[in-house]
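Colleague: Okay, here's the structure, questions in a sec.
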Protein chains: 2
Amino acid sequence: MSGESQMAPSSASSSALRPDRARGLHDYLVAGIRDMILKGELEAGARLGEADLCGRFEVSRTPLREALKALSGEGLVLLQPNRGATVAPLDPVRLRDVFEAKGAIEHFIGLNAAVRASDAEIAGLQELHEALVAAEEAEAPQDYTELNEAYHLELARLAGNEELLKTYERLQHNILRARHRINDDPSRVRASLAEHERIMLALTARARLDLAERLVAHNEATAAAVLAKIAV
Amino acid sequence: MSGESQMAPSSASSSALRPDRARGLHDYLVAGIRDMILKGELEAGARLGEADLCGRFEVSRTPLREALKALSGEGLVLLQPNRGATVAPLDPVRLRDVFEAKGAIEHFIGLNAAVRASDAEIAGLQELHEALVAAEEAEAPQDYTELNEAYHLELARLAGNEELLKTYERLQHNILRARHRINDDPSRVRASLAEHERIMLALTARARLDLAERLVAHNEATAAAVLAKIAV
DNA sequence: AGCGTGATTTTTGCATGCAATCTGGAGGTC
DNA sequence: GACCTCCAGATTGCATGCAAAAATCACGCT
């Protein structure tokens, strides 16, 4: 065993709206374990022993097991009957599939968000974009990452399809797992922001094909940057 | 309470490879409840009381609850904390989203299956297609439905992306729920088969754009037929 | 040393029991 | 009659306990 901290979300962890224990352990556990996986505190392939996790979160095995089943459906946990749970592996092959799938959805998002988003929604997205630029200038990588996720998720929401939004979120989560390990380099961040600028222009102009194309290109550029660092 | 049969999968139900109870109750329950939902035996919105389901499957509440959490992740069951589980609603609005999402994936499938499928895989798909035609001529709607699902799922597999394949299957399931209630009319079935013919031609010719276009069109025609019957 | 083989320990799967919450209705008040 | 309030019954949430399965280890064998 490693001599690491056994602490779970002691009190005020980073993510703001963490479900309260008292409101039900299921949501609390799902959010808590998901966070630990997304932040890389639990690495891909790591064993998720029930007794261990029960200790960290101070709950009994019943709600914990239910939470693991739920996370398995999100593709974050791998369940092997009679052999326990592990953090879902994230090899380059799967990551390539994840980026490719996300690309297909980005295409859809571009075609539809350009038509369906209201002016107010576009203004809201613009604010997110500006907050993202501010975070980069302030050199706050933690904020930058969270705002970047929020920006793309909001854009996905503007496409107006609940089903694809859920899938998009799942894929985004699995990418975030990889991204958290690789400290994006500054030059890629600046290039990314420039792409965001062009995305906002296409959206404001409500240019469907243009927006779709830019989103796909942005996804591919991100994929290339992430995969390059992964495949060391 | 209705005076209906309380029987669950007594012995030899229709679906061939049902997980064995002895191999673990989780898979058994997930497959069993999913089947009941997909076949319409449990209608949209129906309450899924734990005691009731425990009685039907002769299991205790612990594995049953775990199965419900898993099915919630598939979009088939709606879980409301402290208020129990219901079969996920399938209103026209959601169904429209499901078809639209599936359309986006069909586009991707067309672009990639045309390039990635091996000759042997195309031949295998051709066999499925011919079995489908045979089922239609034999007027075996049960077989037709199952083969049709298998055909499209196999085509999705040929696109070579595990992530989108899982999503595709989820969406297909939710459509099947609606389709099972509406007894496709024969003229639509024949039109559908004609579309399949053209799909096979495009795939054999490995014509990416053509295949994508035909798959999207097929999806939209199906959507129109299903939605027309739903919105009575 | 390498490799089965069997006992011990650990871990998972499932059932049960109690506490908390929700639901439905009777009775009271305005 | 409409609207609380409170009480039973039913249902869900969670913890615990036992049995089955895997993993670990010790031992003996070739």
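The values are calculated or read from the model by the stated rules, or taken from the named source; none is laboratory data. What you see is a predicted model; the values in this text were computed from it and never measured. Glycine gets a Cβ as well: all are built from the backbone with ideal geometry, and neighbour counts include every protein chain shown. Side chains included, ligands, DNA and RNA excluded: accessible areas come from the protein's heavy atoms. Shrake-Rupley method; radii C 1.70, N 1.55, O 1.52, S 1.80 Å.
Colleague: Find the all-direction average of the projected area of the Cα convex hull for the stretch B:92-230, expressing the result in square nanometres with one decimal place.
Modeller: 7.2 nm²
Colleague: In the Gaussian network model of chain B, springs joining C-alpha atoms below 10 Å, which of B:Thr62, B:Thr204, B:Thr222 carries the largest mean-square fluctuation?
Modeller: Fluctuation is largest for B:Thr62.
Colleague: With just the Cα atoms defining each centre, how far is the stretch A:69-135 from the stretch B:82-130? Give it in Å.
Modeller: About 19 Å separates the Cα centre of the stretch A:69-135 from the one of the stretch B:82-130.
Colleague: Sticking with this one: Got the relative contact order for the stretch B:21-87 handy, in percent, Cα pairs under 8 Å and 6 or more residues apart?
Modeller: Contact order relative to length: 39 percent.
Colleague: Next question, about the same structure. Mind checking the dipole of the stretch A:21-87: about its Cα centre, +1 per Lys or Arg Cβ, -1 per Asp or Glu Cβ, Debye to the nearest 20?
Modeller: Using only the charged Cβ atoms, the result is roughly 140 debye.
Colleague: At a probe size of 1.4 Å, how large is the accessible area of B:Val77, to the nearest 10 Å²?
Modeller: 10 Å²
Colleague: About the Cα centre, and with charges only on the beta carbon of Lys, Arg (+1) and Asp, Glu (-1), how big is the dipole of chain B? Nearest 20 debye, please.
Modeller: Dipole about the Cα centre, nearest 20: 820 debye.
Colleague: Here's a follow-up. Give, rounded to the nearest 20 debye, the magnitude of the charge dipole that the stretch B:83-171 has about its Cα centre when Lys and Arg contribute +1 at Cβ and Asp and Glu contribute -1 at Cβ.
Modeller: 660 debye
Colleague: Ok, one more. What is the extension gain from B:Ala138 to B:Ala194, computed as 0.36 nm multiplied by their sequence separation minus the C-alpha to C-alpha distance, in nm to one decimal?
Modeller: Residue separation times 0.36 nm, minus the Cα-Cα distance, leaves 18.5 nm.
Colleague: Using just the Cα positions, wrap the protein assembly as shown in a convex hull and report its mean projected area in square nanometres, one decimal place.
Modeller: 24.8 nm²
Colleague: Where a ≥ b ≥ c are the square roots of the eigenvalues of the C-alpha gyration tensor, would you call chain B rounded, which needs a/c under 1.5, or, failing that, prolate if a/b is larger than b/c, or oblate?
Modeller: prolate
Colleague: If I stretch the segment between B:Thr62 and B:Asp35 completely, what's the gain in nm (0.36 nm per residue apart, minus their alpha carbon distance), one decimal?
Modeller: Roughly 7.7 nm would be gained on extension.
Colleague: In addition: With solvent modelled as a 1.4 Å probe, how much accessible area in total do chains B and A shield from it at their shared surface, in Å² to the nearest 100?
Modeller: 2200 Å²
Colleague: Tell me which of A:Leu71, B:Ala223, A:Thr222 sits at the most positive position along the dipole axis of the protein assembly as shown, charges placed on C-beta atoms (Lys, Arg +1; Asp, Glu -1).
Modeller: Positive-most Cα among the choices belongs to A:Leu71.
Colleague: Still on this model: Rounded to the nearest 0.05, what FRET efficiency is calculated for B:Ala123 and B:Asn82 with R0 set to 56 Å and r the Cβ-Cβ distance?
Modeller: After rounding, the FRET efficiency stands at 0.55.
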